[in-house]
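Each remark here refers to the structure printed beneath this line.
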Amino acid sequence: GRFLAAHGGTLFLDEIGDISPETQVKLLRVLQERRFEPVGSDRSIDVDVRVVAATNRNLEELITKGDFREDLFYRLNVVSLTLPALRDRHEDLAELVFYFLSRAAQKSRKQIRQIEPAALDALQAHLWPGNIRELENVIERAVVLTDSDVITFADLPEELRNGIHAVRPLRASVRTATPATLTAVARKVTAPAAASQQDEERAIREALRASGGNKAVAARSLNLPRSTFFSRCRRYGIT
């Protein structure tokens, strides 16, 4: 049914390393013959489908153990892309945080406009053993728990607040700063006024100070696209 629905398009198979041996045989047959027989039917249906598969397991090791078919592996492994774990690409973390924050806020119908620096620092210090799904769940939990329009350090799970699974120690300021102080910092960061370039430059520099020099976070706090923010930084000689 999935192949039939994807006819002329793309079928995404997630966690391909976990499918049963019986399913592997059926999948291989469809990929080889580009046709299948629906359950309860005695006729074959031709399909034209692009297959994209994903897994977090080492398929070559599974082949060695006899848990994954080698012929299916080579059928699937035409173009291979390796996506590093979140802990290995912390430069993407801020963008992902704000993406999940925006999505969770819309889902819960809350007006979340900011995340305080202490909370963001704790997120960046975490090792993320659960990868992207863990980050998504942490942000969704924080949105549900917060009583304001700002995600605070106190809204994060205990393991993040205590630095468990931390890739680096949390700064002392994170542990001692009060929510009121940090919320005030977040509230100071507003979109640059169009009144003058001097006001705009001042707002950009203030946003960078509040974000600890993280340009992605600063751009987000000003509601500016990253490309626009970087061009403004070049205009004012901000490195």
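The values are calculated or read from the model by the stated rules, or taken from the named source; none is laboratory data. Quick caveat: nothing in here was measured; it's all calculated off a predicted structure. When we count neighbours, we look across all protein chains shown, and the Cβ atoms used for this are built from the backbone with ideal geometry, even at glycine. Each accessible area value is taken on the protein alone, full model and side chains, heavy atoms only, with ligands, DNA and RNA left out. Shrake-Rupley method; radii C 1.70, N 1.55, O 1.52, S 1.80 Å.
Tabulated values for the structure
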item	result
Stokes-Einstein diffusion coefficient of the range 1-127, Kirkwood radius over Cα pairs, 37 °C, 0.692 mPa s, in µm²/s	181 µm²/s
Overall form of the range 38-113 per C-alpha gyration tensor (a/c, 1.5; a/b vs b/c)	oblate
10 °C / 1.306 mPa s Stokes-Einstein diffusion coefficient of the range 60-161, Kirkwood radius on C-alpha pairs, µm²/s	102 µm²/s
Efficiency of FRET from Cβ geometry, SER108 and LEU31, R₀ 41 Å, rounded to 0.05	0.50
Prolate/oblate/rounded call for the range 76-125, Cα gyration tensor, a/c under 1.5 rounded	oblate
Accessible area of the chain divided out per residue, in Å², using a probe of 1.4 angstrom	61 Å²
Share of carbon and sulfur in the accessible heavy-atom surface of the range 18-164 [1.4 Å probe, %]	46 percent
Size of charge dipole - the chain - debye, nearest 20, with Cβ of Lys, Arg +1 and Asp, Glu -1, no other charges	1000 debye
